[in-house]
Amino acid sequence: PNGLAGRLPSTESSIYAVPEPGELAQRAAVVVEAAGWFRDRPDDFAAALGQEPELAGQWPDWLANLILDLGAAGLGSSAERVGDALAKVDPGRQALVDADVSVALAESGLADKARDRIAANLARWPHDLWVRIHAGDALAALGDPEGAREHFDAALRMAAESDDFEATAEVIDRLRTATRRSAGEHSGRGGQREQPR
């Protein structure tokens, strides 16, 4: 796996910018291939992809956003493969990865697969805040604002119970966006996601 970071298109940037679909597809292919070498070794995987040693435990920004970026580019099947690969590298992040995949599938127009993934995620992690938030995100992307609001309301209760003010703000923002969308307005996809520490 030496030189793995060199096989990727340039990922160096002080401000995260979403690459073109072709570059995203190339990154996805490299990540899926490389993940097989790093099963249950997330820190080694991140280092091989160019993450700074002092940021051990976090993935590079481009990798933390890759699944959602693939979905936004209409590459849902690639997002699903990347999600499956990353869950093997870091099983502790599987809930978050699978939640991201549900959004990516929805944004790619793969409605049945997205709804199946949402149901599986909620069955496996019914009390995970991000699984619930991304269930709402996915349903919003599928044009189901009522279903999205149901999940955002549940996430808001979860965030309030845990006194998580940042999560509360995230959910309130999503509720407002879902309300605007159901009223006929459209707002773009959010920016970079915060990584778990």
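Checking A183, A123, A160 one by one, the residue that is at pLDDT 95 or above and either surrounded by 15 or more Cβ atoms within 10 Å (Cβ to Cβ) or of a type in the set (G, A, S) (or both) is A123 and no other.
Looking at region 119-186, the helices (runs of 4 or more DSSP H) lying wholly inside it that each contain 1 or more residues that are under 16 Å from L105 (Cβ atoms) sit at 129-141, 145-161. Scan region 85-103 for residues that are closer than 10 Å to A35 by Cβ and without any contact (Cβ under 8 Å) to a residue 12 or more places away in the chain and the total you get is 1. Checking G92, G50 one by one, the residue that is over 12 Å from the mean Cα position of the chain (by Cα) and outside any helix (DSSP H, G or I) is G50 and no other. Restricting attention to region 57-73, does a residue exist that is touching a residue at least 12 places away in the same chain (Cβ under 8 Å) and polar (S, T, N, Q)? Scanning region 57-73 turns up at least one residue that is touching a residue at least 12 places away in the same chain (Cβ under 8 Å) and polar (S, T, N, Q).
The values are calculated or read from the model by the stated rules, or taken from the named source; none is laboratory data. Remember, predicted model here, so these are calculated numbers, not experimental data. Every residue, glycine among them, receives a Cβ derived from its backbone with ideal geometry; neighbour counts consider all protein chains shown.
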